[in-house]
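Report on one structure; see the data block that follows.
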Amino acid sequence: MITTYNLKSCGDILVIVLAPNADKQQVTTNGQVTRIQDRDTKKTTGFNIVGLGKQLNITLQNGRIFLNKDQITIVNNVIREAGFNDVLVAEASKLVIGRVKSITAHPDSDHLSVTSTAVSDEKVLQIVSGSPNMREGIKVVVAQPGTMMPSGALIWDGALRGVPSSGMIVSGRELQLVGAPDKPGALILPESFGEIGEPFNFDKAKSLYKDGLVDTEY
């Protein structure tokens, strides 16, 4: 069973990303479904499914897409009929509201900060950030590992200049919000925007810059 996935399309090819690509991949195609696995661990890292737009009753265009539970059921049926046992299960968005609890200087950079950022009452992530407006106590948007950004880019665990970083604190520009400044800098949310751990609400965020609710001078 698989509970973490991202969906994007390239024409009428549904691309399902489950994990970072392995160094050694095993690719198996049965009919319209291609499964990608880690050759050593046999862990499934993704699927490509051709010609699914009509079955899902949507027009697949390049970029990130979202499916409802009924559409995910269709995808699972197609995967099973192709002879694969993996099952996709819908889960909440990994792009959430967070709180920067503390900041320390990066040991090998004069422009990076190492933050401890809460994404729930129980979960605190170490995230390295280069945002010039970073400071303790701010409410931010966090792309946890496994998040697909609006651009289609995927966020995984990594390291910046030798320091592990679990996800990313994102900017309004990276979220493609209307009016966001075209420069680096974390989107600092108003305190009233939502609770820590809640999925980021794009509809609610549409007016943030238009109404002057966030600072763009930094």
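The values are calculated or read from the model by the stated rules, or taken from the named source; none is laboratory data. Since we're looking at a predicted model, the values are computed, not measured. Glycine gets a Cβ as well: all are built from the backbone with ideal geometry, and neighbour counts include every protein chain shown. For the accessible areas, the whole protein counts, side chains as well, though only heavy atoms, and no ligand, DNA or RNA atoms are used. Shrake-Rupley method; radii C 1.70, N 1.55, O 1.52, S 1.80 Å.
Some points to look at:
- One chain, two ends: His111 and Gln176. Fully extended at 0.36 nm per residue, the span grows by 21.0 nm beyond their Cα-Cα distance.
- Two-site FRET efficiency, Asp157 against Asn57, from Cβ-Cβ distance with R₀ of 30 Å, rounded to 0.05: 0.25
- Cα gyration tensor shape of the range 129-218, rounded if a/c is under 1.5, else prolate or oblate by comparing a/b with b/c: prolate
- Placed amide H near Lys101: partners under 5 Å, 5+ positions off or other chain: Ser116, Thr117, Ala118, Gly137
- Here r is the Cβ-Cβ distance between Val89 and Leu213 and R0 is 35 Å; the resulting FRET efficiency, rounded to 0.05, is 0.50.
- By the Stokes-Einstein formula, at 0.890 mPa s and 25 °C, the range 119-176 with its Kirkwood radius over alpha-carbon pairs has D equal to 201 µm²/s.
- Note on the chain: with a GNM built from Cα contacts shorter than 10 Å, the maximum mean-square fluctuation among Glu191, Glu136, Glu122 falls on Glu122.
- Cubic angstrom per residue, convex hull over Cα atoms of the chain: 139
- The number of Lys pairs in the chain with C-alpha atoms less than 13 Å apart, excluding pairs fewer than 8 positions apart on the same chain, is 5.
- Percent carbon-and-sulfur accessible area, the chain, ignoring ligands, DNA and RNA, probe 1.4 Å: 47
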